[in-house]
Structures are given as C-alpha cells and as structure tokens.
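First the structure, in the form of structure tokens, and then the observations on it.
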Amino acid sequence: MLSCTDPLRLNDNKLFKKLKNALPNSVKDTQNILEIREDILYVWNPKKYCIFTLNLGAVRSNPSGAVPFQILQPTDPPIFDITNLLINETEDQAVLWGNLGIVLVDLPRRWGKDNAFQGGKEIISCMNYNLNGYNSKIATAEIRRVRWHPGSANNSHLLVLTSENTFQLYECEVGTNPRLIKTHKIGQIPSRSPSKTLPNIEALGETAVDFDFSTPSLKNCSNENNYEWNKIEWPILVLRGNGEVIVIYENIFFDSLNTSENRKPLTMYPQTDDNYGTDSCSIMCIPTTPPIVIIASCSGKIYHAILLGDNNDEYNENNDNNSMNKTENTLFVFEIVEIELGLLYNDNDKKYTCPIKLHLDRGNKSRYFCFHNAGIHMMTLPVVSQLEKFTNSNDEDTDANLPSSLYQSSSQYLVCTRTKHTKINEVAPILGFGLLQQPCPVLIALLHTGTVVDLSIVDLDYKPTNEITSSSVDSNKIIRRESFDNYIRGLLKHNSASQPITQLDEKSKMSGKEYLELLYHATDVFRNQYFEKHDRVRKDIERKVDTLRRLKEHQTHELEILMEAKKKLHKKAEDLADRYEDIKSKQEEFAKRAEEVLRLVNYKKLSSIEQMEAFELKELDNKIQDFKTRICQLKIKSNHQNSHIENNKIKEKKNELILNNKQEEAIKSNIGQMAKDIAAMISKVKTLENDLDI
C-alpha cells in the first residue's frame, strides 16, 4: 500500500523521518507548512525551528537513492506557532506566519550540482525579520491571511489581513528590514460586546476571513498603447464570514486609499436567503476572462461564481474619486458543489464541519484542490475551457462559440483521514500540501501523523481540442463528433461518490463493526462506481475493437481492389503514353508538311526588272558590308597609331633633359666659342681658296 501512496519513497527519506518526530500532537486545524517551487520542496520543522529543503527533481530521477536535504536555519527563529509557509515568485524570500505573527526569511542563492543552495552546504544560516514587534501593528491583532502582492515589480510586497478588518502592506526588500507602507480598514474593528444579549460583528460574520487578488485592470488610461505602471489596478476580493464578498480597487502602491468602513458587498445572483452560506472560510480567484471566484464554506459546500462587471464609462468617470467602493461588479453563482467531509455519512447523520483551504494548480487553471481536516479533494472546472474558447473566438464567431450550457464540475475524494465514527476530539488535519508540476503533476501531502502521501494526478475531464485549419468551411455547419477517448473518459468519470485512499489515525480505536462498515462502503463504491463502469468500458472497447477489426478487413479488401485497379491504370497509362508519343511525332511531321505547302502556295516568280533590282540591292548590300569591314580596320589602325603616338610622347617626356642655369650658360658659352672658331676657320678657308684660286 505504501508503494501506491508513495511512489517517490519520500517516507524513506531522512528529511521526513526527522520531520515525523518533530511534528506536534496538539494541532487541531489544517495547516500548510509545505511549499513546492521549481522542484524544490520547502517544509517547516516546528521542533528545530528551521526550514528543510529537498530537491524533488533529484528524488524523482533517483527514487531508490539517498538524496540529501539541506537546512535553512533562521538567525532569529520565531517563538510562536507557524501554520503557513509561502515562497515569492522570484524564490529569494520566504514568509512564515501563524495567527500571532509573521517572519520573513531571506533565501540563499543556488548553484552547483542539482542547483543546491550555496552549492550543497548542509546547514545554512539565513537572515530573518520578525513583523510582530512592539513597533508593529500586528502585535495587537491576529493574522487571518498573508499573500505576496502580484503587482509588486520586484516581488517584495506582502499584504496582510488581520483580525481587526485591516489590511497592512509591507515592503520587504532582500537584506533590509520590512517597512510598513500602507494600512487601511475594510470594516469595523471587532470588539467584545458589553451586553451578553447583543452579539458583536465577529459573531455576526462581518469580519474578513480571507482574500485573494483578481485579474488586473487599467484605470482611466486614454492611450491604450502606452500603459503606465501606476495605472494598473489589482482588485482584491475580500471574503467575510457571512459569505459576503467585497472588492477593493486602487493601486495600493501609488494611490491614497479610502478608509471608509461602509463598503457594499457584491450582489450575488441568483439571490438566496442565506446569501450562499453563513460559515464561509476561504476564497480563491482563478485568473480567467472573466475571473472565476471560488468560495468555500465550513459545511463542505463550494460555490463557483463568475465575476462580471458593467463597462459603464460614465459611471467610472463620476465615481473615479471613490474607486475603492465600486459596486458595478456582480457575482453570478453558476454552480454549487458539496464535497464529503469524511466517509460513511448518511443523509440523516449530522455532518462534520471544518475550515477548508483552497489551492490552485499553477499548471492547469481548470483544476484546484481542497484540503481540510477530513482529507483532500480534487475539483475540476470544465467551464474554464468553455470561457477560453469563447473569449478567444473572433467577433464573427462569438454567437457560435457561446455555450448553451456550462459543463458540470466534478469532485474526486483523493485522501480521507476521517469517518463518521471518528470522535469529535480526534482531529486528523493536513499539515502540508504542494504540487510537483513537471513532467506530470504529483500531489504531495503531509498528514498529521507525519506520513507523506504523493499521488499522480489523473484528470478524466481533460479533453484535447482538435483545431480545424480549413477556413472555407462554415463553423456553424461543422458536425463535431466526440472522440472515443473523450467518450471513455466520460464513462469513467465519477459523478457522485469516489473511493479515496484512507489514512486514518492509528490512535483512533475503531470496532470490528466499524471496520466492516468501512469495508462494505468501499466495496459498494467499487461495485457501483468503478466495476460497473469498467465492465461497460470493457464491453465498449471490445465492441470498438471488433468494429475496427471488421473495418480493417473491409479496408484491406478495398485496398487490394484498389491496388489491382492501380496496376491496370498504370498499364493503361503506359499504353496511352506510347500512343501519345506516336501521335505527337505524326503531328509534327504533318505540321512541317503543312508549312511547306503554305510556302509553295504563297510563292510567286519575279519579273526581269525585279530580278535586276534584286541583284543590284544584293550588290549594294555586299559593298556596304565591305565598307563596314574596311572602316573597322581603319578605326583599329587609327587607334593603334594614336596609342603609338601617345607612347612616343611619354618616352620623349621621360628622355627630356632639364638643365640648370649654370649648365645653360656653360653650353651657351661653348656654343658661342664654337661659333667663333667655326667663323675663324671659315675665314681661313676662304683665304686659302683665294690664295689657291680655287
């Protein structure tokens, strides 16, 4: 049985062995001292006053091996009881809180093998800060709810709801003391009535018990393409004990808050006398469009509602100064689901009541979990897929995608820790709950006995969508046929009772009759809710297999016929191709013969004069061609001569001598002297000629 409820073998890990001995026996209400982020499990050790961490990715890859865990030791441990543990989105801070105080812990960095804290150091000291000192307003009130604000730019703002109907916003930067930056009231401060006959507002259920953040919206943004951070509002849904829900608008980081205590609750439709319960305990908002609000009551009733608003611009302009008290939003309760808080209860028995905590599946918005003193439930919301399909449709297909009816939600009892025979003073709360997302969702729960239950989540309501890519087909005329997988899922779906894994307290003494009744109940559930459906599914699968086998035989026979036809067609195609080639060659031959015939038909004999003129034209054409050839040769010779001349000029320039003044004077004097000598010689020659009579 342990292998079925603990496939990861977490109970054999040293972390949970030590934690099992450290858990107190006096816990009466369900807590959540366990958190899972990025495959890292965080759990608070109330005896050692420290945080144990374990890498679940390493455990999953090596379930039989001993994976070591690390200890995060706060430098100033809290002295009050810790009931909840929360990690922010950046995973650099953790908040520990209980009814009497809040402790903020700075988480160390991770590196090295398996991405461990500080490379795998066993014990790490972490700086922590207490928010319940004498200078804090928490010292005089109890803590009702603590959440990290999703609108924080650096994930360091903490919003606290106290028992005095007051919100407190803290700025918790890493490495610095938390600073209270905002405080505002959402109702009257509860006080004890001086009269025993007059109840106080806490007894009337007008005290806030829980809150959650809705989807963000823009406030008075004229330019849709330029969003400003201080214009983004994160509406806060506040749940009162009497079932009323109020909405607080404003960006609490930048705007001054209205501290009016008289805020009108949202109108809920359809209206009822009890306003959908007087013992509400938890609220959760699923981030869809429009948002889906989940309200849980201690009696086991879960209310599913859609938060719709009236887009009235004139109203928003007139009420901009009092945006904290907008009343145009409305809650439409479309479904009420009642879950079992224990087994073996009949209709006439007095049912067990206890607070219920809600936990959203981060990987699947259409699924959430409820854990309480009687166990764990899984809730599925098929309406989420309907809303997404409607909001993602085009304006033309809006009416076609508008669902005519909403799919019914279903609940599955996963773990049971209580029966009808369990005494009132014997409580079996859930101490921790978390989800390991990758690669497939795994539920991990810490029971009051210290036992860990980890179960793989099987969602029978998941239906894959088949996208139709053809745009030429009208969507209104498409006949959508349900797939066989979805049909089997629908048959295996548990519409009423489900058989959970029983984890009863070992100290509770049950008689043999009570054990027999529990066995009969399990047998009856298996016989009516499981075996009958499995028999029907088996028959349907066998019928489907037989149909597919016959269809396969028919298609095989048809395929053989088609193959024979294919061979015949292939042979016929070859014959046609040969005939085509023959016809094509004949056609080309006929075309040539037709061209020759046309030429001969259009041929005409020339006269003698026309023949002489044609001969002259031919001679002129030959002369023109000869002249063109000679001109080209002359151009080539001319270009050659020009290039030769240019080369000679360049050579002459290179050979040209440049003389200075002295050289010129010397040459001139030499030439002058030579001229004088020549003249003298000429005169002598003439004298000799005269003397010789030549």
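Determine whether D76 is loosely packed, with under 15 Cβ neighbours inside 10 Å and modelled with pLDDT under 95. Quick ask: steps written out before the conclusion?
Details: loosely packed, with under 15 Cβ neighbours inside 10 Å: yes; modelled with pLDDT under 95: yes.
Yes.
Working only within segment 54-71, note down all residues that are within 16 Å of Q118 (Cα to Cα) and crowded, with 21+ Cβ neighbours inside 10 Å. Quick ask: steps written out before the conclusion?
So in segment 54-71, the residues within 16 Å of Q118 (Cα to Cα) come out as 54-55, 68-71.
L54, N55, Q70, listed by residue number.
Is segment 607-628 home to any residue that is outside any helix (DSSP H, G or I) and more than 30 Å from F484 (Cα to Cα)?
Residues of segment 607-628 outside any helix (DSSP H, G or I): 607.
Then drop every residue that is not more than 30 Å from F484 (Cα to Cα), which leaves 607.
Yes: one or more hits.
State whether the residues of segment 201-215 include one that is of a type outside the set (A, V, I, L, M, F, W, C), at positive phi and either surrounded by 13 or more Cβ atoms within 10 Å (Cβ to Cβ) or at pLDDT below 60 (or both).
Within segment 201-215, the first condition is being of a type outside the set (A, V, I, L, M, F, W, C), and the residues that meet it are 202, 205-207, 210, 212, 214-215.
With at positive phi added as a condition, the list becomes 205.
From what's left, either surrounded by 13 or more Cβ atoms within 10 Å (Cβ to Cβ) or at pLDDT below 60 (or both): 205.
Yes, that holds for at least one residue.
State which residue pairs qualify: first residue touching a residue at least 40 places away in the same chain (Cβ under 8 Å) and inside segment 38-64, second residue aromatic (F, W, Y) in any location, beta carbons under 7 Å apart, and separation of 6 or more residues or different chains.
So the pair list comes out as V43/F52; I51/Y42; I51/W44; T53/Y42; T53/F69; T53/F117; L54/F69.
Taking the condition of being of a type outside the set (A, V, I, L, M) and surrounded by 12 or more Cβ atoms within 10 Å (Cβ to Cβ), how many residues in segment 533-551 meet it? Walk me through it before giving the result.
Going residue by residue through segment 533-551, those that are of a type outside the set (A, V, I, L, M) are 533-536, 538-540, 542-544, 546-547, 549-550.
Next, only the ones that are surrounded by 12 or more Cβ atoms within 10 Å (Cβ to Cβ) stay: 533-534, 536, 540, 544.
Matching residues across segment 533-551 total 5.
In segment 79-105, how many are of a type in the set (D, E, K, R) and either buried (at least 21 other Cβ atoms within 10 Å of the Cβ) or within 20 Å of N177 (Cβ to Cβ) (or both)? Steps first, answer last, please.
First, the residues of segment 79-105 that are of a type in the set (D, E, K, R): 81, 89, 91-92.
Those still in the list that are either buried (at least 21 other Cβ atoms within 10 Å of the Cβ) or within 20 Å of N177 (Cβ to Cβ) (or both) too: 92.
Of the residues in that region, 1 qualify.
Starting from residues that are in a loop (DSSP other than H, G, I, E, B), in contact (Cβ under 8 Å) with a residue 40 or more places away in the chain and over 29 Å from the mean Cα position of the chain (by Cα), keep the ones in segment 425-460 and report whichever is nearest to V59 (Cα to Cα).
T451
So in segment 156-174, with the set limited to residues that are of a type outside the set (S, T, Y), assigned to a loop (DSSP other than H, G, I, E, B) and surrounded by 19 or more Cβ atoms within 10 Å (Cβ to Cβ), which one is farthest from the chain's Cα centre (by Cα)? Break it down into steps so the answer makes sense when it comes.
Start the filter on segment 156-174 by keeping residues that are of a type outside the set (S, T, Y), which leaves 157-161, 164-165, 167-169, 171-174.
Narrowing further to those that are assigned to a loop (DSSP other than H, G, I, E, B): 164-165, 172-174.
Those still in the list that are surrounded by 19 or more Cβ atoms within 10 Å (Cβ to Cβ) too: 164-165, 172.
On the way: E164: 37, N165: 35, C172: 27 Å.
Only one residue fits best here, namely E164.
In this structure, does R549 turn out to be within 30 Å of G490 (Cα to Cα) and at pLDDT 90 or above?
Working: within 30 Å of G490 (Cα to Cα): yes; at pLDDT 90 or above: yes.
Answer is yes for this residue.
With the requirement that a residue be crowded, with 21+ Cβ neighbours inside 10 Å and either farther than 23 Å from A428 by Cα or in contact with a helix residue (DSSP H, G or I) (Cβ under 6 Å, 6 or more places away or on another chain) (or both), what does segment 17-49 give you?
Scanning segment 17-49 gives I40, L41.
All but one of (1) free of Cβ contacts under 8 Å to residues at least 60 places away in the same chain; (2) touching a Leu at 6+ places or on another chain (Cβ under 8 Å); (3) under 28 Å from A445 (Cβ atoms) hold for Y129; which doesn't?
Y129 satisfies every listed condition except (3).
The rows are residues; the columns are (1) among the β-branched types (V, I, T); (2) over 22 Å from N84 (Cα atoms); (3) part of a strand (DSSP E or B).
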{"residue": "N346", "(1), (2), (3)": "no, yes, no"}
{"residue": "K350", "(1), (2), (3)": "no, yes, no"}
{"residue": "T353", "(1), (2), (3)": "yes, no, no"}
{"residue": "N364", "(1), (2), (3)": "no, yes, no"}
{"residue": "C370", "(1), (2), (3)": "no, no, yes"}
{"residue": "M378", "(1), (2), (3)": "no, no, yes"}
{"residue": "Q386", "(1), (2), (3)": "no, yes, no"}
{"residue": "K389", "(1), (2), (3)": "no, yes, no"}
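The values are calculated or read from the model by the stated rules, or taken from the named source; none is laboratory data. Since we're looking at a predicted model, the values are computed, not measured. A quick note on method: Cβ atoms are made from the backbone with ideal geometry, for glycine too, and the neighbour counts reach across all protein chains shown.
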